[in-house]
Amino acid sequence: MIRINNVGMRFNLGIEKDNSLKMVFIRLFDKRKRIKKSEFWALKNVTFNVEKGDVVGLIGSNGAGKSTLLKVVSGVMKPTEGSVEVDGVISPMIELGAGFDGDLTARENIYLNGAILGYSKEFLDSKFDEIVEFSELKEFLDVPVKNFSSGMVAKLAFSISTIVDPEILIVDEILSVGDIKFQEKSKNKMLSMIKGGTTVLYVSHSLESIKELCNKVVWLEHGKVIMMGDTKEVCEAYYDKQLKNN
Amino acid sequence: MIQSIKNIYYNIVKYKFLLQQLVMRDFKVKYKRSVLGILWSVLYPLLMMMVMAIVFSNMFKFSMEGVNYLVYLMTGLVVFNYFSEATNNAMGAIIGNSTLINKVYIPKYIFPVAKCIFVGINFVLSLLPLLLIIIFSGNAAEGTKCYINIYYLLLPFIYLCMFMFVVGVGYILATVAVFLRDMIYIWGIMITILNYFTPIFYSITILPESLQTIFKLNPLYIYINATREIILNSTPPSPLYLLICFLSGFGMLVIGAFIFKKKQNKFIYYL
């Protein structure tokens, strides 16, 4: 389903963001400065396969490369080295509400965000009520999203991106949004999708939810795979390591 | 190159609904808080044209023998304003959608096109005041009356060529602006220079012979000149001239798409 072959992702720190005219000229004429750039490998030699129906958890400390890996898989970034092969339609939930426009109302944003996720107009028309009902935001439909609380934004975004049963679902630490009732509801929604055969890539710092949802875990650290395999083993090893460091 | 054009076409068909939503978003956001709303799309160009008309024909006393100067000025202005506004919008299209591009996979091609269409709708609306001016223009005795004629059917073709040209330029600017933010300011100055180097409010015949040849190579002038032939003289541009219109527009689109395609995978590091 997803084949990640020896993927490496390189960033050039500092220089990449400095796009002033001055720096461009310096780089153009001064070859020495060009060599001095500091390279950073966010991912290096990452190889693993995800089979259909797998629920793979990604764990690791902040900056381990988990989110970068998700971006590479979803096609937002092209890997510097190696390749990623994906069979099937991906529904990314990398960051909830990234496609929202604050000036538009919730109603308008449902269509905009739906279009961004690749849904058709007919599909959105037919699922509109379902989205609204799941989001519990019926009375705020005509309010601009910029006036929403972050919990409300997350609820709306979650409802839109889970309205299809995607073949592959990419989830980056989002089950912690909303109130307890909504957390429970969204977790159940995820579980029912998993039961329906959806392949899931799941990033979380909550080992509990990883243990609950995943059948495989990949532990990343400094862009490299430290360990992968059975959920329980990897989680325990990870937990022990974290404790030792403290 | 053919492949990249095919690619855009395929993406545009596939993401038609997204394109429509992006254009609608721009419209809604633009007019959200204004009382007159979408009416501004007609009013704004109308009022701007009136100001220009008063300045040039009454204060500077610009006029042309046997030509309706007001219509002459307007036909130039609508095209140039479209070019200026659409390229500026397209230039910011990638930078402005950086959060989205960073989070979700969408073909990036779509953003500059969406901006050019959005401004394009405004352009079409600004043709309405132009049409009014044409209908009530001049008097027949002085030869300054403009007549609506069969060759108007060629106008959509010319404007389509112009659209392709603008999208091509937009692709190049959007690409450059990602790597070099200063481009936004540089382009502002270049637009002003181009404004004076395009015969919009003056006739190309006031220039020396040698300069005229160079000025005639300006694609914007080609589009403006073709529309003026039709609207002011009621004569069709020659087939060769129409071919030049098409080739300049299509050529620029191909070049722009090629540059954009070549660089688009690097955008993400600079956003």
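The values are calculated or read from the model by the stated rules, or taken from the named source; none is laboratory data. Because the structure is a prediction, the values reported are computed rather than measured. Don't worry about glycine lacking a Cβ; one is built from the backbone with ideal geometry, like all the others, and counts go over all protein chains shown. These area figures cover heavy atoms from the full protein model, side chains too; ligands, DNA and RNA do not enter into them. Shrake-Rupley method; radii C 1.70, N 1.55, O 1.52, S 1.80 Å.
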Which of (1) touching a residue at least 12 places away in the same chain (Cβ under 8 Å); (2) closer than 30 Å to A:Gly99 by Cβ; (3) of a type outside the set (Lys, Arg) does B:Met74 not meet, given it meets every other one? (2)
Identify all residues within segment B:28-58 that are within 30 Å of A:Thr105 (Cβ to Cβ) and not hydrophobic (A, V, I, L, M, F, W, C); write none if there are none. B:Lys28, B:Lys30, B:Tyr31, B:Lys32, B:Arg33, B:Ser34, B:Gly37, B:Ser41, B:Tyr44, B:Pro45
Residue check: is A:Ser161 within 14 Å of chain B (Cβ to nearest Cβ), closer than 19 Å to B:Thr99 by Cα and of a type in the set (S, T, N, Q)? yes
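Considering only helices (runs of 4 or more DSSP H) fully contained in segment B:88-196, which possess at least 2 residues that are in contact (Cβ under 8 Å) with a residue 40 or more places away in the chain and under 14 Å from the mean Cα position of the chain (by Cα)? Explain how you work it out, then say what you get.
On the way: elements: B:93-96, B:98-103, B:110-135, B:155-179.
Because the criterion is at least 2 residues that are in contact (Cβ under 8 Å) with a residue 40 or more places away in the chain and under 14 Å from the mean Cα position of the chain (by Cα), the helices (runs of 4 or more DSSP H) in segment B:88-196 that meet it are B:110-135, B:155-179.
Tell me, yes or no, whether segment A:125-143 has at least one residue that is in contact (Cβ under 8 Å) with a residue 12 or more places away in the chain, more than 25 Å from A:Gln183 (Cβ to Cβ) and open to solvent by less than 50 Å² (accessible area, probe 1.4 Å).
Keep residues of segment A:125-143 that are in contact (Cβ under 8 Å) with a residue 12 or more places away in the chain, which gives A:127-128, A:130-132, A:134-137, A:140-143.
Retained after the next criterion (residues that are more than 25 Å from A:Gln183 (Cβ to Cβ)): A:142.
Remaining after also requiring open to solvent by less than 50 Å² (accessible area, probe 1.4 Å): none.
No, segment A:125-143 contains no residue that is in contact (Cβ under 8 Å) with a residue 12 or more places away in the chain, more than 25 Å from A:Gln183 (Cβ to Cβ) and open to solvent by less than 50 Å² (accessible area, probe 1.4 Å).
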Among the candidates B:Gly120, B:Gly96, B:Gly76, B:Gly92, which residue alone is closer than 22 Å to B:Arg181 by Cα, away from every other protein chain (no Cβ under 14 Å), surrounded by 14 or more Cβ atoms within 10 Å (Cβ to Cβ) and out of contact with any strand residue (DSSP E or B) (no Cβ under 6 Å at 6 or more places or on another chain)? B:Gly92
Every residue from segment A:53-81 that is within 12 Å of A:His205 (Cβ to Cβ), open to solvent by 10 Å² or more (accessible area, probe 1.4 Å) and of a type outside the set (Ser, Thr, Tyr): A:Asn62, A:Lys66
Give segment A:120-144 a look and list any residue that's over 19 Å from A:Ser186 (Cβ atoms) and either part of a loop (DSSP other than H, G, I, E, B) or within 13 Å of chain B (Cβ to nearest Cβ) (or both), or say none. A:Ser120, A:Lys121, A:Glu122, A:Phe123, A:Leu124, A:Asp125, A:Leu141, A:Asp142, A:Val143, A:Pro144
Given B:Val35, B:Val23, B:Val42, which one is closer than 27 Å to B:Val78 by Cβ and either part of a loop (DSSP other than H, G, I, E, B) or in contact with a Cys (Cβ under 8 Å, 6 or more places away or on another chain) (or both)? B:Val35
Just a yes or no: is a residue in segment B:243-263 of a type outside the set (Ser, Thr, Tyr), in a loop (DSSP other than H, G, I, E, B) and within 14 Å of another protein chain (Cβ to nearest Cβ)? no
What number of residues in segment B:99-117 are open to solvent by 30 Å² or more (accessible area, probe 1.4 Å) and among the hydrophobic types (A, V, I, L, M, F, W, C)? 1
Of all residues in segment B:26-73, which are within 14 Å of chain A (Cβ to nearest Cβ), open to solvent by less than 90 Å² (accessible area, probe 1.4 Å) and under 25 Å from B:Pro112 (Cβ atoms)? B:Asp26, B:Phe27, B:Lys28, B:Val29, B:Tyr31, B:Lys32
